[in-house]
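The values are calculated or read from the model by the stated rules, or taken from the named source; none is laboratory data. Quantities reported herein were computed from a predicted structural model and do not represent experimental measurements. Note: ideal-geometry Cβ built from the backbone for every residue, glycine included; neighbour counts use all protein chains shown.
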Amino acid sequence: MEDYERLVKIGEGASGVVYKARDRRTGETVAIKRLRSGGGNDQDGAALEAASNWKSNLINKPETAAVSCPYTGDAFIVMDYAGRSLADVMRERAAFPEPEARRVMRALLEGAAAMHARGVLHRDIKPANVLLDARGGGVRICDFGLSRSIADVTAHGSSPPLTPGVATLWYRALELILGSWDYDAGVDTWALGCVMAELLSGAPLFPGQSEMDTLNRVFDTLGAQDVASWRGFASLPRAGSALCRRPRPPARLRDMFPALSGAGTTFLFSSEKDLLDGHRRLSFFFR
């Protein structure tokens, strides 16, 4: 890494530490991620492999952080330096006006759609993993440390399989909390919905202290009347946790955003039932 001058640490996650650095050859400011051994907690991240295999697919997508230089040995990834994270900005201001929130979300949804079209699940979308480019106003999804190629799982019976212990708790999809090993891009879509709600309200939607606390918050907000009707619900390892809890009030997500325009309402949700069911969630977010 003699070609780079490390300037300052700018972030740290499950899969590694990120530094702001200067390319001594060009003078360009870059971000360098030093990967932890093993990546994520189930080794699904395989970040160096992701950098090599998906670079050509993702590098030209303005909403997705471009991987430009994977290394072996001490594992590093060199990326474009985009600037501050969405989490940094949200800590300094109140809720985003609806037009601004919709602009950010449209960019994120388009970036996620491009990623999913190539068979990649991010599995850790959250404000800290969204970068805002101060120069061009771009929005980027970053940190693919927990990402996974669905194509590998489907075509080759890849080991290890998809595991539920991914995603930051506040943005963890309901099917992950209930222990599903068979999930799809809906887990990213759930996280995107949580990000949009946070942009509009200025506070996390489900700030649970544990998985059970988060489960209670989800059902208290979205209702639980139809949860048992999901396809494959009965086979979920923690299905009993969803049914054996205290009585639930009617869904109240709409009541939390009374000033949201009709277009904004359609953009955020069509019905709470669609949000709960991971198999339908993706279609309603992208309609």
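Structure notes:
- Taken over segment 62-81, the criterion of being touching an Asp or Glu at 6+ places or on another chain (Cβ under 9 Å), closer than 25 Å to Ala191 by Cβ and at pLDDT 75 or above is satisfied by Asp80, Tyr81.
- Segment 218-248, subset exposed (fewer than 14 other Cβ atoms within 10 Å of the Cβ) and part of a loop (DSSP other than H, G, I, E, B), residue modelled with the highest pLDDT: Pro237
- In segment 148-173, the qualifying residues are those that are aliphatic (A, V, I, L, M) and modelled with pLDDT of 80 or more, and the one that is farthest from Gly111 (Cα to Cα) is Leu169.
- Of all residues in segment 179-212, those satisfying the criterion of being surrounded by fewer than 17 Cβ atoms within 10 Å (Cβ to Cβ), over 19 Å from Arg254 (Cα atoms) and polar (S, T, N, Q) are Gln209, Ser210.
- Of all residues in segment 115-133, those that are touching a residue at least 24 places away in the same chain (Cβ under 8 Å) and among the small types (Gly, Ala, Ser) total 2.
Residue-wise test of (1) within 17 Å of the chain's Cα centre (by Cα); (2) within 22 Å of Glu12 (Cβ to Cβ); (3) of a type outside the set (Gly, Ala, Ser).
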site	(1), (2), (3)
Gly165	yes, yes, no
Arg172	yes, yes, yes
Gly179	no, no, no
Ser201	no, no, no
Phe206	yes, no, yes
Met212	no, no, yes
Asn216	no, no, yes
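- Among the candidates Leu215, Leu275, Leu253, Leu176, the residue that is buried (at least 16 other Cβ atoms within 10 Å of the Cβ) and modelled with pLDDT under 60 is uniquely Leu275.
- Single residue of segment 117-147 satisfying the filter (crowded, with 22+ Cβ neighbours inside 10 Å and charged (D, E, K, R)) that is modelled with the lowest pLDDT: Asp143
- Verdict on Ala114 being loosely packed, with under 15 Cβ neighbours inside 10 Å, assigned by TED's automatic domain parsing to the domain that holds Thr265 and either modelled with pLDDT under 75 or small (Gly, Ala, Ser) (or both): no
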